[in-house]
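The values are calculated or read from the model by the stated rules, or taken from the named source; none is laboratory data. Since the model is a prediction, treat every value here as computed from it, not as a measurement. SASA here: full protein model, heavy atoms, side chains in, ligands and nucleic acids out. Shrake-Rupley method; radii C 1.70, N 1.55, O 1.52, S 1.80 Å.
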Amino acid sequence: GGTPLHAAANIGNVRMVNDLLKVHADPSIVDAHGSTPLHTCARAGHNDIALALVQHARRHKIYGPNLEDLENMLDRGGKNAHYWAKEHGHEALCVSLAHTALPYNALEQFEKAIKDKDNRVWTQEKKKKKKGGGGAKKGGKGKKKK
């Protein structure tokens, strides 16, 4: 569910990432999980690719849908690339992204999820009631009286 740039960033192919960026591949495009190529390479710990993506986005003034910097874009889970680098133990990448990325605030993301009406986790769907239920079946004996 991603682009060739997502695939190259995930496997750590620096040459392919640079070639794709030269032909105007969009580093802010998201895959089926809402992840950018930066999220993907942050999970895998590819520091050189992360820096190439961030520098390219800055140089060409590429922003996310809410006009945020590439390194501050959130995936569908509300997490940025810095979070994923830290979660997977890639300390060098965390240091690189920490200078520009906003720190992940779990409480803020939790509050957003609660307030989001479209979030299926926090909204309760009303169950449809069946019509005509509750009585004894026709032809049945019904309940016995004591």
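Separation of segment 52-86 from segment 1-32 is 14 Å, based on Cα centroids.
Ranked from largest to smallest solvent-accessible area, with a 1.4 Å probe on the protein heavy atoms, 49, 114 come out as 114, 49.
I'm checking a number: the convex hull volume of the Cα atoms of segment 20-60, normalised per residue, in Å³. What is it? It would help to have the intermediate numbers written out before the result.
On the way: hull volume 2.7 nm³, N = 41.
Convex hull of Cα atoms, per residue: 66 Å³.
Need one number: the % of Cα-Cα pairs in segment 1-69 sitting beyond the 16 Å mark. Roughly 37 percent, once rounded to a whole number.
Scalar couplings 3J(HN,Hα) for segment 25-42, obtained by applying the Karplus form with A = 6.51, B = -1.76, C = 1.60 to θ = phi - 60°, are 5, 8, x, 9, 6, 10, 8, 5, 9, x, 8, 8, x, 5, 4, 4, 6, 5 Hz; x denotes Gly and Pro. Ligands, DNA and RNA aside, residue 33 has an accessible area near 130 Å² when probed at 1.4 Å.
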